[in-house]
Each structure stands twice: as C-alpha cells, then as structure tokens.
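See structure below.
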Amino acid sequence: MKNNNGNTKLILLHPYIQKQGSSNKLWLLAFVSFFTIAFLLTLVYTRGSITGKPTAAAITAVTGGAVAGAAPLPTTVVNTLLHYASKSNDSFHMSYSELKPISDVLRKCSSPCNFLVFGLTPETLLWKSLNHNGRTVFIEENRYYAAYFEEIHPEIDVFDVQYTTKMNETKELIASTKEQVHNECRPVQNLLFSDCKLGINDLPNHVYEVDWDVILIDGPRGNGPESPGRMQPIFTAGVLARSKKGGSLKTHVFVHDYYRDVEQMSGDEFLCRENMVERNDMLAHFMVERMEENSFQYCRNKNNSSSSTKASVS
C-alpha cells in the first residue's frame, strides 16, 4: 500500500512539471516575438529617416497621394519639358506661348497643388509631370479613351463624363442659366445636387469637395454644332471656384481655344471679363474669387456680356 501511494504521487506530479515547462516556453516565445517586432519597426523607421524616402504608411497618409513640402521640379527640367511638348508632331498640341502661362502658375502654386483638367490632350502627361507634388485630375468625354488611357498610364486619374449640351444651343442655355441664377444655377453651390443644365453633376463626389487651385478647360473638343461645347466645363469651373471652402482665395482658370465664339460667350458670362488677367490668341487666363453662399451674381460688373466682348475682340 505504501508503494502504491508513492506511485500515485509520482503520476500526479508528472503533468504538473510538464505544464510548468510549456508555460515557460510560451513566455519565452512571447518575449522574443515582442523584441523582434520592435526591432523591425525601429529598422523601418530608421531606414526611412536616413534615406529620406517615405514609407508606404507615410505616403498613404498624405491626401490624394501628394507630398507636402516636396521640392519643385528644377527650372531646367521644366523648360526642357515645355520645349519638347511645344515641338510635338501632334496637330493639336499647344504652342510654347500657351504652355508657359499654365506652367508658371503651377510652379507658383502652393504644394500640394490641386489641378483639374477638362480633356485628355497631347499635354496630359506634361500637366501630370509639372504638378508632380500635387493632385491632378482629368475629365474626359470619351469613356473608352479614358479607360484606355488610364490602363496604359495607371498613374493618371481620369474620370469620364457625359455632356448633355450642344454647341448650337449655347445662347439659349446661357439665357436659361441666367434666369435660374437664384435657384438651380446659383454661382455658389454643390453641383452634385444641382439640376442646372450647364452644371456637371455626375462626377465622383470628392471632385466637388476639393478646393481646386488651378482649372484648365481644354475639352470637350467642340468640333461641330451638334457636338458638346465647353459651356458646361466653363460654368462648372466658375461654380467650383466661387464655392471653395478653403485654400487660396482665388482660383486660376485657363480656357483654351478662346478665339471661338462658344468659349468667349461662356467665359464672359460665367468667368467674367473683370477676372481676366491675360489672353493670347488661343488661351485666356482668369482668376475667379471665392464668394459668399448667398451670392446671386456671376460677375460684379454688370457690363460683362457676350455682345460687348465680341465687339471688343473684333
């Protein structure tokens, strides 16, 4: 009996000893894992600090992928890009005198600069490069070309839009918009919720929330009376500029092909001659100021009109 009791005690003690050993191993594993993770985190952080290269977490933390405070492109690089872009073999490329004003504004724009471009053109990659520290978004009328372009250039942000107006309706649309200035076609509003015929309201939500610093209107192409003209982008650009919640007080708006009647008529009515700071044969440059929400007048100077502009141009 005495020997049996001793055997029983031995059997009871054996699992206890094994359990203690397993517990110690778990504590040791946890201890080693903790210091391994801490070492890896320290290594990643130190590497990012020494090389000056942002980590993935740092990049995603920046709004729109733009890196604030990053160095601008050197002047020689900018001049080289402009030179070769202006020498393009494409029949519809911009000349140096058209590219330079836009480039100058982008270079002076506070980083990160928000740049909205209507139209995919031969200059698309140039605009993306010149605004390499900022956010550049393109709006294109041809959904198939937009998808194709984004596929071969995944770094480009492009959204397609369906224009609902025709060039031969310009005068009627402008008149209708001015009649609705206190309602659907207010100068200050979120166009996402608007039914104004000249307002573009089917873009992604965040496009209407961004405080755009620079807007370029170089689309749609406007090739004939039945094709969509640039009335909608011009009106939309004016509303986006006047409806800004933050950022700079004024927005630079460039309109290409300003020698054409549709561009001039729409520009005079919704961007206003009083806001024009520069113009050459093909390009007009406006600076449109932010307005209060209860504003119901596009231009402060009531003498802004398409007829007076056409008279002065001719």
Query raised in the report: So what's region 136-257 giving for Cα Rg divided by 2.2 N^0.38 Å, two decimals?
Result: 1.06
Report task. Would you mind counting up the charge near V207? Only other residues with Cβ under 12 Å from its Cβ, with Lys and Arg at +1 and Asp and Glu at -1. Result -> -3
Query raised in the report: Computed FRET efficiency, Cβ-Cβ of A147 and E293, R0 35 Å: what is it to the nearest 0.05?
Result: 0.40
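Could you please report the charge total around R107, scoring K, R as +1 and D, E as -1 over all other residues with beta-carbon less than 15 angstrom from its beta-carbon?
Numbers: positive: K100, K108, K128; negative: D104, D213.
Summing Lys and Arg as +1 and Asp and Glu as -1 gives +1.
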Report task. Can you tell me what the convex hull of the Cα atoms of region 76-171 projects to on average, as an area in nm²? Result -> 7.7 nm²
**Report entry** Subset of K87/K250; K87/K166; K171/K197; K100/K128; K178/K245 violating a 21 Å alpha-carbon distance limit
**Finding:** K87/K250; K87/K166; K178/K245
Requested in this report: Report the net charge of residues surrounding F286, where surrounding means a beta-carbon distance below 13 angstrom and charges are Lys +1, Arg +1, Asp -1, Glu -1.
Outcome: -2
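All of the numbers you see were taken from the coordinates with simple rules; none came from a lab. Only a predicted model underlies this, so the values are computations on that prediction, with no experimental measurement involved. Virtual Cβ from ideal backbone geometry, glycine too; neighbours counted across all protein chains shown.
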